[in-house]
Amino acid sequence: MNLILFDTNDIRADATVDATGVQARHLITVLKVTPGQQVRIGVIDGSTGVGTVTSIGDGRVTMDCAFEADPPERPRVDLLLALPRPKVMRRLWAQLSALGVGQVILTNASKVERDYFDTHLLEPNGYRPLLLEGLQQARDTRVPVVSVHKQFRKLIEADLDGLFPEGRRLVADPNGQGSIADTLGRSTERVLLAVGPEGGWNNFELSLLQAHRFTPVTMGTRTLATTTACIALLALVHHRG
């Protein structure tokens, strides 16, 4: 953990907090903290700051907290992702929050198996701990907003403008004509990136996305696994221009 995250309710009125469980074990056994030592802390969806260790005992680390005035900005990149296999999605959650996305919009596609939607990893108690793990790695506090949409066409035609009203829309397609850098230039607009299933979007899905302002972008002709594609594409969007 490069940042110890707490819920806002964990911080007491006197600006002290107790780390317990996994967090306390990490502080004691990995960081080997001692009284007076400072560690990076943050409030979920709030500010980051510094915690000064005041006492250690009974599996608990107590700290005095000092927070910055403003929380980190929410990442300016959102992801629309055709739902991958559950074991792939499990690996992706922490990676996505570590890389930095404002929201994750999960959807169906013709090459997505219907039973993928039955996984507990689409429930908040399944994905939230994994998102927090990624945030603690990246020293961020902004938890991505997650929504799940089983009807692709309804999502694109009826729901998407409410989820992403303004900004640039890109769809990853090996047959696309331009790169992310060429397409975005030095634009500072918010970006929604659509990544399809490992078998790719079908022609109808690509046509529907393009009809709703998605521009096809490519990294070349290689067909990539979902995890690799998401990481590479998001990194390129973040480092546009």
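Key figures
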item	result
Assigned charges on the beta-carbon of Lys, Arg, Asp, Glu; region 34-83 dipole about Cα centre (debye)	140 debye
Relative contact order (percent, whole number), the chain, Cα cutoff 8 Å, 6+ residue spacing	20 percent
DSSP-defined antiparallel bridges as percent of all bridges, region 24-121, nearest 5	75 percent
Those residues of region 107-140 whose amide nitrogen sits under 13 Å from the label point placed on Arg90, 7 Å along Cα→Cβ	119-122, 126-127, 130
Residue (of His212, His26, Ala181) at the positive-pole extreme of the chain, dipole from beta-carbon charges	Ala181
In Å², nearest 10: area of Arg190 left accessible to a 1.4 Å probe	70 Å²
Helix axis angle, 226-238 relative to the chain longest principal axis, alpha carbon, degrees	80 degrees
Net length gained if the chain between Asp161 and Val30 were fully extended (0.36 nm per residue, minus Cα distance)	42.6 nm
With every protein chain in place, region 74-157: carbon and sulfur % of accessible area (1.4 Å)	45 percent
Cut-off 15 Å between beta-carbons: net charge of the residues surrounding Gly196, Lys and Arg +1, Asp and Glu -1	+1
Rounded accessible area per residue of region 88-241, 1.4 Å, Å²	49 Å²
Gain upon complete extension [Gln151, Arg60; 0.36 nm per residue less C-alpha separation]	28.1 nm
Accessible surface of Tyr116 - all protein chains present, 1.4 Å probe, nearest 10 Å²	40 Å²
Per-pair calculated FRET efficiency, R0 = 35 Å: His120 and Arg12 via Cβ, rounded to 0.05	0.60
From the C-alpha gyration tensor of region 185-225, square roots of 5λ in Å	20, 15, 9
Within a Gaussian network of the chain (alpha carbon springs, distance under 10 Å), most fluctuating of Leu192, Leu184, Leu132	Leu184
Listed residues Cys65, Cys230 arranged by accessible area, highest first, probe 1.4 Å	Cys65, Cys230
Rg/Rh (Cα only; Kirkwood hydrodynamic radius) as it applies to the chain	1.04
Rg ratio (alpha-carbon, reference 2.2 N^0.38 Å) - region 1-121	1.35
DSSP-assigned coil residues among trypsin sites (Lys or Arg not before Pro) in region 61-118, each with at most 12 further Cβ atoms within 10 Å	none
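The values are calculated or read from the model by the stated rules, or taken from the named source; none is laboratory data. Here the structure is a predicted model, which means the values were calculated and not measured. Quick reminder, even Gly has a Cβ in these numbers, built from the backbone with ideal geometry, and neighbours come from all protein chains shown. Side chains are part of the model used for accessible areas, which takes the heavy atoms of the whole protein and leaves out ligands, DNA and RNA. Shrake-Rupley method; radii C 1.70, N 1.55, O 1.52, S 1.80 Å.
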